[in-house]
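Engineer: Before I ask anything, here is the structure I am working with.
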Amino acid sequence: MYRRKSDGLYVASITLEDGKRKTFAFKKKADAYAKLREVQQNMQQGTFVTSSQQTTEQFLMHWLEYTVKHTLRARSYERYEEIARLHIIPRLGKVKLQDLKPQHIQVLQAEKLEEGLSASTVGIIHQVLHKSLDDAVKLGLLGKNVCKAVPPSREKRKDVKPLTPDQSRKLLNAVKGHPLEALFILALTTGMRRGELFALKWNDIDLEHGVLYVRRTLSRVPTKVRGENQDVLVEAETKTQRSRRSIVLTLLAVEALIEHRLKQDEQHHIAGDAWQDNDYVFCAHDGTYLSPNHVSSYQLKQLLKAAGLPDIRFHDLRHGAATLLLSLQVHPKVVQEILGHSDISTTMNIYSHVLPSMQADAMKQLHSAFKQDDPDKGE
C-alpha cells in the first residue's frame, strides 16, 4: 500500500485469480485496508466478482451497503436505496457495469420524464447514479464516469393536453361494452398511473365500501431471454411511499368493476386449467399480464378515433382526471392525495393551467359575498 502523490489517496492492490492486478484508492488508509481484506476474504470464499462480470445492480447494492450506509445519515441512505431500487436497478440493473454507456443514462432520464416524474426527481436519480459511478472509478472498476457525458435532465414538461369534460364523456360512451371498459373508467375517474392500473389486484379493491388501494406498479425491465435482449413485465413497489394510497371510487367505477368481475369469472371458467390465478383485475384471457403498451398504442387509439377525439397518450387520461377535479373546485391537496404526488408543489406545477380559471371563480364568489345585502341596513 502507498499514498499517491498526485491526489493524496491511499492505494492498495491485489493480484486476482485470473492474473490481473486490482487497484483500489481511498482517502483514508483504514478504508483501503478494509477493502483489501474484504476482497481477500471474498476470494477465499469464492464470492469475489471481477469488474468484467459485475452488473450494475451488484455494484449498486454493494455500494449502498458498504459506502453509503457508513458515510451518510440513515435518512439519506434510505433515500439513496429507494432511488436505486425503484428507478435505477429496474432499468439498468442487468447491464454489466463496464458496459454502461451515456445512452443508457439518456434513455433512463427520458423514460422517467415520460412516466410523469418531475425534472427535479429525475435530477436526483442522475445525482445518485453519478455519485455511485464516481466511486466505481475510484475503486478501479471503471475507467470513467459515463454520467459526466449526460447532464441532469432539465427538459421542460410536455404541455398537458387533457380531455375536456365533454370529450371525457364521449370517451366513456365509446368504451361501453369494451372488454376494458372498467380500466378506462378508472383511468378517467381516479387518475391512476398506467402501471398502477395494470398491477391492480382484486384484493386491492373493497367493492362493498367503494375503496381502492394502490400498492404496486407494473414495470418493464430489460433482460435477456434465450440470449436476446427483451423487456419483461414485473411487479414493483409504487414509485414513492406517497404513491401507496387509498382512493374512494365513484359509483360509476364500482358498477363497472362489478360487471368486469362477472365477465372475468366467465373467462376463468372457459380457460379451465389453463387459467393462471394471479388475482389481476385487468389480465389476458388466461389470467396472465396484459401488455400496457398494447392497450396504450392500439386499443386506446382505436377508441379515440371511433369517438372522434384527438390522439392522446394514456398518461393524458390521468391529466384529464386531475384537471376536471381542480376545475370542480376540489382542493389541490385532495387532488395531490388522489394522484399520489409526493408533494403538493408537483400537483400545482403540472396543473398551473387550471389555476387562472379557479382564481377567477374565487374572485366572483368573493365579490358576491361583499355585495350581499347588509342585514342591519334599513333598520
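No value in this document is a laboratory result; all are computed from the given coordinates. This is a predicted model, so every value here is computed, not measured. A quick note on method: Cβ atoms are made from the backbone with ideal geometry, for glycine too, and the neighbour counts reach across all protein chains shown.
Engineer: Rg/Rh for the range 81-219: what does it come to with C-alpha atoms and Rh from Kirkwood?
Structural biologist: Expressed as Rg/Rh, it is 1.10.
Engineer: Tell me, 207, 249 in order of fewest to most beta-carbon neighbours within 10 Å?
Structural biologist: Ordered from fewest to most neighbouring Cβ atoms within 10 Å, 207, 249 come out as 207, 249.
Engineer: Among 319, 203, 300, whose Cα lies farthest out toward the positive end of the dipole of the range 165-361, if unit charges sit on the beta carbon of Lys, Arg (+1) and Asp, Glu (-1)?
Structural biologist: 319
Engineer: Sum up the charges of everything whose Cβ sits under 11 Å from the Cβ of residue 134, counting Lys and Arg as +1 and Asp and Glu as -1, but leave residue 134 out. Don't skip to the end; give the middle numbers.
Structural biologist: On the way: positive: 131, 138, 144, 148; negative: 135.
For residues surrounding residue 134, the net value is +3.
Engineer: Output ³J(HN,Hα) for the range 295-311: one whole-Hz value per residue in order, computed from phi by the Karplus curve 6.51 cos²θ - 1.76 cosθ + 1.60 with θ = phi - 60°, and x for Gly and Pro.
Structural biologist: 3J(HN,Hα) across the range 295-311, in whole Hz: 5, 6, 8, 10, 5, 4, 5, 5, 5, 4, 5, 5, 8, x, 9, x, 6.
Engineer: Could you list 344, 338 so that the one with the fewest beta carbons within 10 Å of its beta carbon is first and the one with the most is last?
Structural biologist: On the way: 344 14, 338 22.
Starting with the residue having the fewest Cβ neighbours, the order is 344, 338.
Engineer: Students often check this: by mean Cβ neighbours within 10 Å, which of 265-278, 296-309, 183-196 ranks highest, and how do the rest follow?
Structural biologist: Top of the packing list down: 183-196, 296-309, 265-278.
Engineer: Based solely on its DSSP helices, what 222 nm [θ] is calculated for the chain when runs of n ≥ 4 H residues each add -39,500 (n - 2.57) and the sum is averaged over all residues, nearest 500 deg cm²/dmol? Don't jump to the answer; show the numbers that get you there.
Structural biologist: On the way: 15 runs with 170 residues, N = 379.
-13500 deg cm²/dmol, from helical runs alone.
Engineer: Let me test this: with uniform point scatterers at the alpha carbons of the chain, what is the Debye-based log₁₀ I(q)/I(0) at q = 0.09, 0.13 1/Å?
Structural biologist: Cα-only, vacuum Debye calculation for the chain: -0.67, -1.11.
Engineer: Something else about it: Starting at the first residue of the range 260-266, write each ³J(HN,Hα) from the Karplus equation 6.51 cos²θ - 1.76 cosθ + 1.60 with θ = phi - 60°, in whole Hz, x for Gly and Pro.
Structural biologist: Calculated HN-Hα couplings, in order: 5, 5, 5, 5, 5, 4, 5 Hz.
Engineer: While we're looking at this one, here's another question. What number comes out for the charge environment of residue 105, summing +1 per Lys or Arg and -1 per Asp or Glu over other residues with Cβ under 12 Å away?
Structural biologist: +3
Engineer: Whose amide H sits under 5 Å from the amide H of residue 9, counting only residues 5 or more places off or on another chain, with H placed in the peptide plane?
Structural biologist: 4
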